[in-house]
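The values are calculated or read from the model by the stated rules, or taken from the named source; none is laboratory data. Computed from a predicted model, the values in this text were never measured in an experiment. Here the Cβ positions follow ideal geometry from the backbone for every residue, glycine too, while neighbour counts run over all protein chains shown.
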Amino acid sequence: MQVHRDINSLPLFKNPVITIGTFDGVHTGHIKIIEQLKREASEIDGETIIITFDPHPRIILDPASKINLLNTPDEKIELLRKQKIDHLIVVNFTILFSEQSPYDYIKDFLVDKIHPHTLIIGYDHHFGKDRKGNYQLLEKYAAHFNYHVKEIPEHILNEVTISSTKIRNALLTHQNETANKYLGYHYFFEGKVVEGNKIGRTLGYPTANLEIADPLKLVPGNGVYVVQVAVQNKQGPTSIGENLNSSALIHNGMMSIGVRPTLDKNDRTIEVNIFDFDKDIYDQTIRVYVINYLREEKKFSGLPELQDEIAKDKINALKLLSEL
C-alpha cells in the first residue's frame, strides 16, 4: 500500500475505485466496505484507494468536543496496510479544506486530482462547506465528470456506526470481549516507559509505567487487565507501530489503570507488569494488547493485602492467557 500525503502531487491511478471516511478503528464494519471496494476494483482491473483525513475532522470543526480515537494516524495506516489496499490518501484536514463548496470538492479535489472511475459512498456521506454535499450531488455530476457512484448498503453503514460506538463504550466499561469482537483484533495502545515510584518492585511485581504520546488515543476504563506486550528486542528508544517486526517479542502480563487508591494517589497511571521479564526498557515504546478485564480498582488496607490480590490477579491472568 502506497501512502500519499500531498494531494497536489498524486500519481496517475489506474481505474481508481475510491471510498472516503475516517476509518477510526479499522474494525469489522470497515472491513465490509473494504471488501466491496476490492470487488469493484477487481471487476475493472482497477486500483483500490481509501481517502482519509488527519487530523480527524471533528478536531478542526468542533475543537470543544471531546473525542477519543481508537487509532492514532500511524496505527490506522498499519491496520489498513494489512487489508492490502493499493493506495491510501491522507488529506491534511484544515478549515480551508472544509470550506470548499461541494462542487469544488468534487471538481478540484476528486476529479482533477484523483480522476475516479468509481466512488463507493454511503447515502449519508456529506462533504464541502457546511456539509452540504451528499450522495445525490455526486450522482448529479457523475455523467458530466465521467465517473460512477455506487452506494454502500445501509445495513453496512449502520454496522460501522454501531460498531464504532459499541467499541468505545465497551472499552470504557470493561467489556473487552465485546470490543475485540467488533474490532476483529485485540485493542492496543502504545506508550513510552517512564520512571515510576517502584512500589510494584518492592511487592515483587515490577511494572513498566507508561506515558501515552497521543492525548486523543482512547485508554480503557480504570481497572486491572490481562494483556500481552510487544517489546522490541533491543535497548533504547524505539517505536513499535509499523516497525513491529520479527525482533519484537510478545510477553504475557497484566496491567493496572487508575489512581492507585491504596497508595492514596490521585493521578491516573498505566502500569504494566510483564511476566518473567527483567530487561531495562526505560524510554522505550512498548505496545500493549488488551486481552480481557480482570477486576475493578480497589482500595486495600495496606501493601500486604494489595500484594496478595496481585498474586491472585496473576493466577487469573495466566488462566485467561492459556485459553487464547
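Taken over region 59-82, residues that are at pLDDT below 90, of a type in the set (A, V, I, L, M, F, W, C) and more than 26 Å from M1 (Cβ to Cβ) amount to 1.
A residue that is surrounded by 16 or more Cβ atoms within 10 Å (Cβ to Cβ), outside the structural domain of I49 (by TED's automatic domain parsing), modelled with pLDDT under 95 and in a strand (DSSP E or B) occurs nowhere in region 175-188. Please determine whether any residue of region 44-52 is of a type in the set (D, E, K, R), in contact with a Gly (Cβ under 9 Å, 6 or more places away or on another chain) and farther than 30 Å from L171 by Cβ. Among the residues of region 44-52, not one is of a type in the set (D, E, K, R), in contact with a Gly (Cβ under 9 Å, 6 or more places away or on another chain) and farther than 30 Å from L171 by Cβ, which makes the answer no. A Cβ distance below 7 Å, combined with a sequence gap of six or more or placement on separate chains, defines the contacts here; from region 197-222, residues that are in a loop (DSSP other than H, G, I, E, B) reach residues that are of a type in the set (F, W, Y) and modelled with pLDDT of 95 or more in the pairs I212/F189; V219/F189.
The residues on offer are Y135, Y147, Y141, and the sole one that is at pLDDT below 95, more than 21 Å from E75 (Cα to Cα) and either among the hydroxyl-bearing types (S, T, Y) or in the same structural domain as E271 (by TED's automatic domain parsing) (or both) is Y135. Here no helices (runs of 4 or more DSSP H) wholly within region 71-169 include at least 2 residues being in contact with a Gly (Cβ under 8 Å, 6 or more places away or on another chain) and free of Cβ contacts under 8 Å to residues at least 12 places away in the same chain.
Here is a yes/no grid of residues against (1) under 26 Å from N176 (Cβ atoms); (2) touching a Leu at 6+ places or on another chain (Cβ under 7 Å):
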site	(1), (2)
E43	no, no
P55	no, no
D62	no, no
N71	yes, yes
K84	no, no
F93	no, no
K107	no, no
I114	no, yes
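Within this structure, L318 passes the test of being more than 25 Å from L218 (Cα to Cα) and either assigned to a strand (DSSP E or B) or at pLDDT 90 or above (or both).
Given the structure, is T28 in the same structural domain as K132 (by TED's automatic domain parsing), over 27 Å from K132 (Cβ atoms), buried (at least 16 other Cβ atoms within 10 Å of the Cβ) and touching a residue at least 24 places away in the same chain (Cβ under 8 Å)? So T28 passes the test.
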